[in-house]
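A short worksheet on the structure shown next.
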Protein chains: 2
Amino acid sequence: MSEAKNKLEQAAADLQVPKAVVSRLSLYLRELQHLVRDGHETTSSTQLGGLLGFTDAQVRKDLAYFGQFGYPGIGYRCSELIDAIKRILGTNQAWPLAIVGLGNLGRALMGYRGFRHGGFQIAAAFDVDPAKIGKTVEGIQIFDLADVDRIAKERGIRLAIIAVPAPEAQKVADALVGAGIEGVLNFAPVTLNLPKQVQTIGVDLAIELEQLAFAVANQLPQT
Amino acid sequence: MSEAKNKLEQAAADLQVPKAVVSRLSLYLRELQHLVRDGHETTSSTQLGGLLGFTDAQVRKDLAYFGQFGYPGIGYRCSELIDAIKRILGTNQAWPLAIVGLGNLGRALMGYRGFRHGGFQIAAAFDVDPAKIGKTVEGIQIFDLADVDRIAKERGIRLAIIAVPAPEAQKVADALVGAGIEGVLNFAPVTLNLPKQVQTIGVDLAIELEQLAFAVANQLPQT
DNA sequence: TAGATTGTTAATCGATTAACAATC
DNA sequence: TAGATTGTTAATCGATTAACAATC
């Protein structure tokens, strides 16, 4: 375990870990949670890969970046591997979130229950619309974006979700960076220009549909 | 142009096109639309790549999978390249969509304006909750999922969005496949098991946050 | 013409898969 | 023990980058 921890830290430090590996880790975690729910004590790289369409070798290789989690001849104990992956991803800790933009999408995200798995919880909501500021959505008070600096600090918020219209996204992002936010999940369909130490992930619903349309129109073999 | 078309069809048929290339194509399209809006007539692989953090070589290589779209010494004419990419992605046509699940997220997606770019339009909404069936959201009537077969055929719907709770997603997907749907954008946090000729893209908001948390916790160099 | 920029080939780099000794 | 399965090394495969002749 201290072995694994060392290797984890080393891997992160050296940054030998491909991004694709990390995204598969999240998928493994999701499947493992389903396996546990269905009463499985253990699983194997073949089973876990099979559920996701990956090879057994890939599952083992991915995990090997972070340490040794399995038992030769046996496989992996699901709950152990779940804990290990959570430690790797950092989702064994709590991650209070800020959300900016309380339009349709923003309000839907506030009610989204899937976040709670993994320590994510919306700790504050922000908007610039005076008609919304001060109101409460899903039990969370909406603040003026101008107060993000103070509130993010008070509440230990490091991650933020941007759900504002495209033309406003960049200046919202700038405000968040000013408030010390370290990671942004951006739902606005624009490329944000941020200091390189701030992490960004963009989710563009139109782009997902374009990918789907291309796959359908060209009858791509399934990934 | 018939040159380009031939190469396009050939590329799709031979399937030499990596999936990562297609997803960058969508990003190029988005940036090109911004360039046009900002009054640019032409652009270059260096400029387009720079906006997205890609090398100029990558932009040219990606486009080369589908034909020749540029002018040596000049670059690319933005509006021409926009049209070409839309043809490649298939978003020059209309894509009527079905959406299943009118919870918070489903309703938010119905109001999402970003879809309209690229021929996407919600043509029918479905739920299984009798309290919702027959109501109207954003001007679209909600049908019983049991009627999806007939309505999808009537309206030429080939793509569907799943926005139901995780435990229902698989049986909803099965119903959609039965109705002849060819592509599914799945917002439920489960891996769907579908016939291989049906395309699926999954968007899991918790997973996106996990990726962000990992990146922040490990101070990853920006992608 | 000189400067800019493409499309494409070759070189490099990285990621996936196969194979297998070690282990339970 | 025999069968199963890991972790890891080597081989394969694929994707990105660099370089450059061709073109405007």
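(1) under 19 Å from B:Ala217 (Cβ atoms); (2) aliphatic (A, V, I, L, M); (3) touching an Asp or Glu at 6+ places or on another chain (Cβ under 6 Å): which one isn't true of A:Ile142, the others all being true?
Result: A:Ile142 fails condition (1) only.
Which of the residues belonging to region A:52-96 are within 14 Å of DNA strand C (Cβ to nearest atom) and among the hydroxyl-bearing types (Ser, Thr, Tyr)?
Scanning region A:52-96 gives A:Thr55, A:Tyr65, A:Tyr71, A:Tyr76.
Regarding A:Gly103, is this residue over 28 Å from B:Leu194 (Cα atoms) and under 18 Å from the mean Cα position of the chain (by Cα)?
no
If B:Ala215 satisfies every condition in (1) over 18 Å from A:Leu52 (Cβ atoms); (2) modelled with pLDDT under 95 but one, which is the exception?
Going through (1) over 18 Å from A:Leu52 (Cβ atoms); (2) modelled with pLDDT under 95 one by one, B:Ala215 breaks only (2).
Can you say whether B:Gly90 is under 23 Å from A:Ala206 (Cα atoms), within 11 Å of DNA strand D (Cβ to nearest atom) and small (Gly, Ala, Ser), as far as the supplied structure shows?
Judged against the criteria, B:Gly90 is not a match.
Look at region B:100-141 and say how many of its residues are more than 24 Å from B:Ile82 (Cβ to Cβ) and either part of a loop (DSSP other than H, G, I, E, B) or not assigned by TED's automatic domain parsing to the domain that holds B:Arg158 (or both).
14
For residues in region B:38-51 being away from chain A (no Cβ under 14 Å) and either more than 10 Å from DNA strand C (Cβ to nearest atom) or in a helix (DSSP H, G or I) (or both), which is farthest from A:Ile201 (Cα to Cα)?
B:Glu41
Would you call A:Val100 in contact with a Phe, Trp or Tyr (Cβ under 6 Å, 6 or more places away or on another chain) and surrounded by 15 or more Cβ atoms within 10 Å (Cβ to Cβ)?
yes
On the basis of being more than 9 Å from DNA strand D (Cβ to nearest atom), in a helix (DSSP H, G or I) and exposed (fewer than 12 other Cβ atoms within 10 Å of the Cβ), does A:Ala57 make the cut?
Answer is no for this residue.
If you go through region A:21-71 one residue at a time, how many are touching a residue at least 60 places away in the same chain (Cβ under 8 Å) and within 18 Å of the chain's Cα centre (by Cα)?
Count: 5.
Tell me, which residue of region B:87-134 that is at pLDDT 95 or above and of a type in the set (D, E, K, R) is nearest to B:Gln33 (Cα to Cα)?
Of everything passing the filter in region B:87-134, B:Arg87 is nearest to B:Gln33 (Cα to Cα).
Here are B:Lys135, B:Lys196, B:Lys153, B:Lys171: which of them is under 30 Å from A:Gly118 (Cα atoms) and either surrounded by fewer than 18 Cβ atoms within 10 Å (Cβ to Cβ) or in contact with a Lys or Arg (Cβ under 6 Å, 6 or more places away or on another chain) (or both)?
B:Lys171
Might you let me know whether region A:72-82 holds any residue that is of a type in the set (Lys, Arg), farther than 22 Å from B:Thr191 by Cα and buried (at least 17 other Cβ atoms within 10 Å of the Cβ)?
Checked against the condition, which is being of a type in the set (Lys, Arg), farther than 22 Å from B:Thr191 by Cα and buried (at least 17 other Cβ atoms within 10 Å of the Cβ), region A:72-82 yields no hits at all.
Taking A:Leu209 as meeting all but one of (1) farther than 19 Å from B:Thr91 by Cα; (2) within 21 Å of the chain's Cα centre (by Cα); (3) in a helix (DSSP H, G or I), write down the number of the exception.
(1)
The values are calculated or read from the model by the stated rules, or taken from the named source; none is laboratory data. Everything quoted here is computed from the prediction, not taken from an experiment. Ideal geometry is used to build each Cβ from the backbone, glycine not excepted, and the neighbour counts take in all protein chains shown.
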